[in-house]
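Reviewing the structure listed below.
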Amino acid sequence: MLEKRPLIRARILVKAYPQPSKAYGETVCVAAVSEDGKDMLRLYPIRYRRLDRAAQFDRYDLVELRVSTPKDDYRPESRHVDEDSIRVIERSTQLGDASKVKLWQSHIAPSLDALHQDNKLGRRSLGIIKPDPGSLKFFCKPVAEADTDDREISAALTQQSALFEAPLTPLRHPEYLFGYRFKSGGSAHQHIIHDWEVQATWFNYKHRYGPAALDRLKQQYAEIIPTRNLHFILGTMKAHPHTFIVIGLLRSSIDPEESQRQGQLF
């Protein structure tokens, strides 16, 4: 049973790659931040491809929606969404880089180990980290060569359409998994990127560049994106509430840490 659903406003940070759900059909999980920037939020279930076009949101769009705290999800940031209430209030084109960074800057953890400690002490399940300078190494590998956990998280399985609704065009199965090896607080880590953006980029590059697509994508993620103050959004899964995965990438022309030191964002 769900609590009364209040109306809130939030800025979208990232959409996860769509996954099948027996109860809802194809859904996505969204990481967002409250309009005032105080709270990170996990919004689900959202049947994104079934939303009216006017309600389909992009990164940093300001949306209004009704939510409640799910009784079976103990992660404090999780909110159950009434998807019929979703309304885009303002598109991201209205925000400059400084305003975007100000939304999420306060949620940066000192390191991934610190984020795990916050999870252990207070069940924190969403956070942002900056990889140690010079430590990033981008990699890709065919899905068939991935370990079981990464395949289960990343693969969009056979399309399951909700009863009485027209079937969606099946999503293409991911061919590659993309990720980074990096250090955070001096500790070494390796994470697959589990967001919609990187897979959409891959399929777009295949269409545009053909055989050169993989080299182009490696150039973008290994050389260009790391120069733009790259930060990772990490979150845990409901079934594994103590395991963090990279659910999205944040980048900006502004260094959040340097801007905070200089007082430019505030």
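The values are calculated or read from the model by the stated rules, or taken from the named source; none is laboratory data. As the structure is a prediction and not an experimental result, all values here were calculated from the model. No Cβ is skipped: glycine too gets one built from the backbone with ideal geometry, and neighbour counts run over all protein chains shown.
Residues being among the hydroxyl-bearing types (Ser, Thr, Tyr), over 17 Å from LYS15 (Cα atoms) and assigned to a strand (DSSP E or B) are represented in segment 181-196 by at least one member. State whether one or more residues within segment 129-144 are touching a strand residue (DSSP E or B) at 6+ places or on another chain (Cβ under 7 Å), in a helix (DSSP H, G or I) and without any contact (Cβ under 8 Å) to a residue 40 or more places away in the chain. Looking through segment 129-144, at least one residue is touching a strand residue (DSSP E or B) at 6+ places or on another chain (Cβ under 7 Å), in a helix (DSSP H, G or I) and without any contact (Cβ under 8 Å) to a residue 40 or more places away in the chain. Of the candidates ASP113, ASP73, ASP118, the single residue that is part of a loop (DSSP other than H, G, I, E, B) and either under 19 Å from the mean Cα position of the chain (by Cα) or surrounded by fewer than 19 Cβ atoms within 10 Å (Cβ to Cβ) (or both) is ASP73. Only residues that are of a type outside the set (D, E, K, R), free of Cβ contacts under 8 Å to residues at least 60 places away in the same chain and assigned to a helix (DSSP H, G or I) were counted across segment 208-250, and they come to 10. Selection within segment 40-70: residues that are closer than 12 Å to ILE12 by Cα and assigned to a loop (DSSP other than H, G, I, E, B). The member of this set that is farthest from the chain's Cα centre (by Cα) is GLN56. For segment 244-260, the candidate set comprises residues that are hydrophobic (A, V, I, L, M, F, W, C) and closer than 15 Å to VAL33 by Cβ; within that set, the residue that is modelled with the highest pLDDT is LEU250.
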